[in-house]
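Everything below concerns the one structure shown next.
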Amino acid sequence: MSQTRAQLISDLVQALNFAGTSDAPATGLFCGAADEVALATNSTARLTVDGSGRVLIGTSTAQTFPTESAFQLAGNSFATSSIRQTRFESGSSGPSIIFAHARGTEASPTILSNGDELGKIRFYAHDGTDFASNGAEIRADVDGTPGENDTPARLVFSTTADGANTFTERMRIDSSGDVGVGTSSPTSRLHVDDAVSTITLESDASNDVQVRFQQGSTFVGAVGYDHSEGCVYLNRFGNATQGLVVDNSGNVGIGTTSPAQLLHIEGSNGGANIRVQSRAFFGGQFSNHFAVIGSAVRVDTGETTGMVSTETSSGNGRPSAIRFGAGEIEFHSAASSTAGAAFDSERVRIDSSGRVGIATTSPNFTLDANGEVGITEGQRLSWHDGSGGRSASIFGGSGDVLVFANTSSNTERMRIDSSGRVLIGTTTEGSGNADNLTIADSGHSGITIRSGTSSNGSIYFSDATSGGGEYDGYVEYEHDNQRLNLGTAGNTRLRIDSSGQLLINAGSAFGPDNELLQISRSGGGALAFARDDTSIGTGNVMGLISWYGNDSDGTFDQIGSIRLIASANHSNTSKPTTLIFATTQVDGTSTTDRFRIDNIGRIDHFSSDGNGYDLHHAETGGSDVAFQLKNGATGLEDGTNVMQILADGDVENANNRYTQISDIKFKENIVDASSQWEDLKAIRVVNFNFKAEKNWGTHRQIGVIAQEIETVSPGLICQRREENGEEYKSVAYSVLHMKAVKALQEAMDRIETLEAKVAALEAQ
């Protein structure tokens with residue numbers, strides 16, 4: 001009898017269920033959830049294929065990674081979270097993991113391009129939320145142009161730095177086998193590129209550390225560290241003897257593993273020659289078997305002298321030599337250039353005191369030349385700063401000019417030209433041929449005049465050798481009074497005294513010491529500013545007074561100013577101006593305009609956005625306005641009237657709102673206020689007029705009496721003082737309003753209670 005489709009499916013499910021039930025078999029294949037197929041053993045799902053086609057082993061729930069995964073393995077131990085591959089065959093091959101990539105489609109794959117990925121292995125860690133934190137990566141890329149049976153490739157190793165979530169390449173092996181660490185373009189078999197590049201070789205104390213060099217299979221040299229000798233060494237050609245060593249003290253040994261000096265050369269059979277030879281006619285050789293150590297000469301043969309000499313290519317003569325004696329150095333040369341001539345004449349000597357003798361064997365000075373010292377034109381006599389840099393020099397220029405220079409760059413400071421004129425800071429004379437002294441500099445130029453403590457130093461301007469014209473003009477400094485005078489027509493016109501005060505037409509200060517500028521003149525002193533322009537436009541500055549402050553960086557910054565600007569274009573009949581005051585705010589570094597008096601007398605707060613206040617003026621507020629606050633306009637006369645105080649003392653604002661800071665973040669020790677019922681009942685509200693002499697208006701007022709309030713609630717009373725010293729009391733109405741709110745709440749509670757009682761009675 002034929003089976004129905006449902007029966008066939010039921011039989012198939014039963015056949016796949018090796019034990020347990022169809023929906024949760026102990027062992028078998030079952031549907032774990034919608035669109036899922038699972039395989040279970042021992043009543044536990046072991047493998048799940050979910051609705052997205054992902055294969056899950058050890059879990060039925062896919063984890064979220066930065067990139068989606070078609071295969072996921074999860075477990076809680078090494079045995080349940082590891083993959084092992086085993087291959088059994090007679091050959092030498094082992095198991096493999098293969099990554100393959102092609103462009104195109106599965107049905108029609110195409111070749112890759114340079115830089116395309118071949119595959120990668122990534123490592124992730126759970127960050128407490130998910131597995132979206134990048135850890136490390138090993139990636140294979142195409143490294144060149146691929147072709148048939150030709151896929152050049154590189155391996156790239158990347159890690160993630162602490163605090164980051166992106167991979168950073170650390171090392172790569174390119175298609176040629178070059179290894180780059182810190183570089184993506186290695187140019188050698190091992191290329192390390194970093195701000196601090198270090199390669200560390202480590203071994204135990206019983207073994208050497210070596211970098212070895214081989215030619216094929218033949219050892220040709222090594223650089224290493226010998227733990228037993230405590231030195232770095234260099235040897236070559238497989239010689240067991242270390243050719244060059246550097247010990248722990250920094251001493252260098254050639255031919256010895258125990259250098260006793262900074263440079264210690266030890267040859268076989270007592271020889272320690274250093275030979276310097278070129279392909280030119282002359283070479284050079286150290287003779288007498290000595291070694292140079294630091295700044296001294298050590299003679300190993302027991303001799304009292306050593307010598308460095310040149311040698312002819314044929315070896316038949318030594319035309320020059322340096323001889324080292326007991327604390328002396330001698331320089332010799334041959335008397336002729338004849339082939340085979342030997343050095344026989346001493347030319348220069350440095351004695352044991354450091355004195356240099358030229359053409360003398362007994363120098364008496366630091367430099368003692370027995371003969372004329374000539375300096376070729378263009379060359380110089382120089383002084384040095386002790387560290388090798390030139391500090392000053394004198395040299396002769398073309399055209400009978402003597403030049404004086406200093407600094408390491410030989411900057412010319414002064415010259416005496418062929419006419420005897422002295423030029424300082426310039427190489428040409430001044431505007432006239434009579435300029436006997438010319439001082440010039442791209443920056444500052446100056447002359448110092450030194451005199452006695454009770455004398456004067458002066459510069460005079462004269463047109464005569466005697467009489468009134470001899471000292472018509474002068475600049476004079478009085479050392480005893482410590483003041484500087486400037487005179488014309490034989491009279492002092494300007495004086496700077498010892499306190500720094502500038503006195504104009506005043507013999508002595510007539511005001512406080514902090515008045516640095518004082519002007520005296522018959523008819524009154526004056527200080528005037530003028531702008532000499534034929535065309536003055538809106539915003540042009542007509543005059544400026546500035547204040548500066550010296551802060552910690554040692555520079556002066558403008559911190560305040562008063563300036564007069566043109567408020568409109570000027571003409572012969574109209575010159576409107578505005579006076580502006582600027583200050584610097586806390587934490588500010590530059591001035592900001594704060595206050596102005598405009599061309600019609602308005603006094604405004606001034607800011608770049610046009611916000612500010614405008615004191616009463618008939619054109620803007622009317623005759624009954626004493627003070628206005630406007631906002632939101634370039635010119636205050638066009639702004640929005642925010643608040644104004646009328647002449648009778650009333651305050652008006654645009655939105656009928658008054659606020660007081662009441663944010664809970666500013667408050668503490670918060671408790672419910674006590675009852676204000678009795679206090680408010682005791683307060684008397686009265687009508688009144690202010691006394692006529694106060695001139696506070698004649699209209700009828702409503703309010704309270706401060707002295708009466710003080711008996712009920714003293715905290716509401718403020719003590720004030722008039723300009724004449726008379727004291728008076730005022731009431732904090734804002735606090736009184738809050739007491740009224742509390743009493744109103746109490747009244748509402750009472751009303752609600754009474755309403756409830758009335759409702760209950762009515763219900764009866």
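The values are calculated or read from the model by the stated rules, or taken from the named source; none is laboratory data. What you see is a predicted model; the values in this text were computed from it and never measured. Virtual Cβ from ideal backbone geometry, glycine too; neighbours counted across all protein chains shown.
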Test: Ser608 is at pLDDT 85 or above and within 39 Å of the chain's Cα centre (by Cα): no
Out of Ile439, Ile449, Ile424, Ile416, sole residue that is in contact with a strand residue (DSSP E or B) (Cβ under 6 Å, 6 or more places away or on another chain), over 30 Å from Asp400 (Cβ atoms) and of a type outside the set (S, T, N, Q): Ile449
Count - residues of segment 103-136 that are touching a residue at least 24 places away in the same chain (Cβ under 8 Å), at negative phi and in a loop (DSSP other than H, G, I, E, B): 8
Among (1) of a type in the set (Ser, Thr, Tyr); (2) in a strand (DSSP E or B); (3) over 23 Å from Ile597 (Cα atoms), the one test that Ser499 misses: (2)
Enumeration of residues in segment 351-381 that are without any contact (Cβ under 8 Å) to a residue 12 or more places away in the chain and farther than 17 Å from His332 by Cα: Ser353, Asn364, Phe365, Glu372, Val373, Gly374, Thr376
Tally of residues being assigned to a loop (DSSP other than H, G, I, E, B) and free of Cβ contacts under 8 Å to residues at least 24 places away in the same chain across segment 659-669: 7
Subset of segment 141-169 (residues that are over 16 Å from Ile111 (Cβ atoms) and either of a type in the set (Gly, Ala, Ser) or surrounded by 15 or more Cβ atoms within 10 Å (Cβ to Cβ) (or both)): Arg154, Leu155, Val156, Phe157, Ser158, Thr159, Thr160, Ala161, Gly163, Ala164, Phe167, Glu169
Residue list for segment 48-75, restricted to those being in contact with a Leu (Cβ under 6 Å, 6 or more places away or on another chain) and within 13 Å of Tyr124 (Cβ to Cβ): Gln72
Checking Gly389 against (1) modelled with pLDDT under 75; (2) out of contact with any strand residue (DSSP E or B) (no Cβ under 6 Å at 6 or more places or on another chain); (3) more than 30 Å from Ile416 (Cβ to Cβ), the condition it does not meet: (3)
The one condition in (1) surrounded by 10 or more Cβ atoms within 10 Å (Cβ to Cβ); (2) in a loop (DSSP other than H, G, I, E, B); (3) of a type outside the set (Ser, Thr, Tyr) that Gln72 fails to fulfil: (2)
Checklist (1) surrounded by 15 or more Cβ atoms within 10 Å (Cβ to Cβ); (2) at negative phi; (3) of a type outside the set (Ser, Thr, Tyr) applied to Glu515, failing item: (1)
Residues that are closer than 30 Å to Gly144 by Cα and loosely packed, with under 11 Cβ neighbours inside 10 Å, drawn from segment 179-196: Ser185, Thr187, Ser188, Arg189, Leu190, Asp194, Ala195
Residue check for Arg721: in contact with an Asp or Glu (Cβ under 7 Å, 6 or more places away or on another chain) and on the phi < 0 side of the Ramachandran plot: yes
Answer from Ile709, Ile702 - the residue that is surrounded by fewer than 10 Cβ atoms within 10 Å (Cβ to Cβ), among the hydrophobic types (A, V, I, L, M, F, W, C) and closer than 24 Å to Trp677 by Cα: Ile702
Residue pairs meeting the criteria (Cβ under 7 Å; at least 6 apart or on separate chains; first within 23 Å of Arg172 (Cα to Cα), in segment 192-217; second among the β-branched types (Val, Ile, Thr) and surrounded by 11 or more Cβ atoms within 10 Å (Cβ to Cβ)): Val192/Val181; Asp193/Thr183; Ile199/Val192; Leu201/Val209; Val211/Val223
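Residue by residue, here is whether (1) exposed (fewer than 13 other Cβ atoms within 10 Å of the Cβ); (2) at pLDDT below 80; (3) touching a strand residue (DSSP E or B) at 6+ places or on another chain (Cβ under 7 Å) holds:
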residue	(1), (2), (3)
Asp204	yes, no, no
Gln210	no, no, yes
Tyr225	no, no, yes
Phe237	yes, yes, yes
Val245	no, no, yes
Gly250	yes, no, no
Gly253	no, no, yes
Gln277	yes, yes, yes
Some residue of segment 104-123 being surrounded by 15 or more Cβ atoms within 10 Å (Cβ to Cβ), at pLDDT below 90 and touching a Pro at 6+ places or on another chain (Cβ under 7 Å): no
Criterion (farther than 30 Å from Gly325 by Cβ, surrounded by 15 or more Cβ atoms within 10 Å (Cβ to Cβ) and of a type outside the set (D, E, K, R)) met by exactly one of Ile424, Ile416, Ile375: Ile424
Residues located in segment 453-496, provided they are assigned to a strand (DSSP E or B) and of a type in the set (Val, Ile, Thr): Ile459, Val475, Thr488, Thr492, Ile496
Failed item in (1) without any contact (Cβ under 8 Å) to a residue 12 or more places away in the chain; (2) on the phi < 0 side of the Ramachandran plot, with Leu680 passing the rest: (1)
Residue in segment 512-528 that is nearest to Val475 (Cα to Cα), counting only those that are small (Gly, Ala, Ser) and more than 48 Å from the chain's Cα centre (by Cα): Ser520
Hits in segment 171-190 (condition: touching a residue at least 12 places away in the same chain (Cβ under 8 Å) and either touching a helix residue (DSSP H, G or I) at 6+ places or on another chain (Cβ under 9 Å) or over 30 Å from Ile111 (Cβ atoms) (or both)): Val181, Gly182, Leu190
